[in-house]
Amino acid sequence: MTIPVAPEMEIVATAQAAALGEYIAMPRDKIDEVKLALVEACINAFEHAECRDEQLHLKFRLGRDAKREWLEVEVLDKGKGFDSEKVEEPSIEKSFVGHRKRGWGLQIIKSLMDEVEITSGGGGTRILMRKYK
Amino acid sequence: MSESCKVSSERRGDVAILWTDGYINNQGGEEIAREAYAQLDAGARALVLNLEKTRIVNSIGISILIEVLEKVMDRKGALAFCGLTPTIDKTFRIMGLAQYAEIYPTQDEALRGVSSQPA
């Protein structure tokens, strides 16, 4: 699935994730967590990646690991990339004292998904997120 | 296509209840902030945000809610949330909002909670 870098396109992507989650009877709250993580991955790319093709490329996979089924979402952009090690950890206290209230996307993704893999470089960024049923 | 949120509000004494309906992103967050600031300027001491008709709040929306929280704290008021889905509840706790704003399961509990807080 490919979506344009445009307002609210992230919601289009969440419909696909929800449909696959429902297919494997994933609990609704877990589907909501996948949807929010996907929203965050998309808006991060929309805001920061400067995608050369103005598109986000998404892949959705279902699988089974030992006895557990999972839903995996891959978000790929062809943007400028970033160093995830250098992303400053946000806190609400920093938000209060300064004016930087943003930067929560990666933290939310990592907190809501069971496994997250981020690879980034000059060719773009790939965020691979897995949620077990 | 628009999933953006609609916001309505009502005053009950010195407490304003704000109801949201839909996706809270930057536009939804701005809509909430506009309504909240109007209520504060009109004399509301406390705000209750009822999110029972919202299933997704993204981090941009939450950053605007943090700004609303700051304004309420500056005025020595109170802000409470209710009707959160488990995912929104979890996200608010991840971001630390729950340290500065109370989270209640129901609107009635939220109203009782903010009403019992000293001005």
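The values are calculated or read from the model by the stated rules, or taken from the named source; none is laboratory data. Model, not experiment: these values are computed from the prediction. All Cβ positions, even for glycine, are placed from backbone atoms using ideal geometry, and neighbour counts span all protein chains on display. Calculation scope for accessible area: heavy atoms of the full protein, side chains included, ligands and nucleic acids excluded. Shrake-Rupley method; radii C 1.70, N 1.55, O 1.52, S 1.80 Å.
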In short, the range B:79-96 residues buried by 30 Å² or more of accessible area relative to the isolated chain (1.4 Å probe) are B:Pro86, B:Thr87, B:Lys90, B:Thr91, B:Ile94, B:Met95
What does the structure give for B:52-62 when I average, per residue, the other chain Cβ atoms found within 10 Å of the residue Cβ? 5
If a/c stays under 1.5 just call it rounded; otherwise compare a/b with b/c (prolate if a/b is bigger, oblate if not). Do that for the protein assembly as shown, with a ≥ b ≥ c from the square roots of the Cα gyration tensor eigenvalues. prolate
I need the shape label for the range A:26-103. Rule: rounded when a/c is under 1.5, else prolate if a/b > b/c, else oblate, with a, b, c from the alpha carbon gyration tensor. oblate
How large is the accessible surface per residue of chain B, computed with a 1.4 Å probe and reported in Å² as a whole number? 43
Portion, in percent, of the accessible area of chain A that falls on carbon or sulfur, probe 1.4 Å: 50
I need the phi-derived Karplus couplings for the range B:4-18: 6.51 cos²θ - 1.76 cosθ + 1.60, θ = phi - 60°, integer Hz, Gly and Pro marked x. 4, 8, 9, 10, 10, 8, 8, 8, 10, x, 9, 10, 10, 9, 10
Gaussian network model of chain A, springs between alpha carbon atoms under 10 Å - residue of A:Ser91, A:Ser120, A:Ser111 with greatest fluctuation: A:Ser91
Give, in nm to one decimal, the length gained when the segment between A:Phe96 and A:Thr119 is fully stretched (0.36 nm per residue of separation minus the Cα-Cα distance). 5.2 nm
Select from chain B the helices, each a whole stretch of DSSP H, whose alpha-carbon atoms run 15 Å or more along the helix axis and whose Kyte-Doolittle mean is at least 1.0; answer none if there are none. B:59-74
Let's test the formula: R0 of 41 Å, r as the Cβ-Cβ distance of B:Asp14 and A:Tyr132. What FRET efficiency results, to the nearest 0.05? 0.30
Are there GluC sites (Glu not before Pro) in the range A:64-133 that DSSP marks as loop and that have at most 10 other Cβ atoms within 10 Å, and which are they? A:Glu88
Chain B - charge dipole about Cα centre, Lys and Arg +1 at Cβ, Asp and Glu -1, debye rounded to 20: 160
With a 1.4 Å probe and every protein chain kept in, tell me what percent of the accessible surface of chain B is carbon plus sulfur. 45
Any residues in the range A:1-24 that have 50 Å² or more less accessible area with all protein chains than in their chain alone, probe 1.4 Å, and which are they? A:Glu8, A:Ile11
Solvent-accessible area buried by pairing A with B, both sides, nearest 100 square angstrom, 1.4 angstrom probe: 2500
Residues of the range A:28-66 with backbone nitrogen within less than 16 Å of a virtual label 7 Å along the Cα-to-Cβ line of A:Thr2, please, listed as ranges. A:51-60
How many partner chain Cβ atoms sit within 10 Å of a residue's Cβ in peptide A:105-112, on average, as a whole number? 3
Ignoring ligands, DNA and RNA, what accessible area per residue does chain A give at 1.4 Å, in Å²? 50
Charges only on Cβ, +1 for Lys and Arg, -1 for Asp and Glu: so what's the dipole of the protein assembly as shown about the Cα centre, in debye to the nearest 20? 340
With a Förster distance of 22 angstrom and the Cβ-Cβ distance between B:Ala42 and B:Lys6, calculated FRET efficiency to the nearest 0.05 equals 0.65
Which helices of chain A meet both criteria: a Cα extent of 15 Å or more along the helical axis and a mean Kyte-Doolittle score no lower than -0.5, with helices taken as whole DSSP H segments? A:9-23, A:28-44
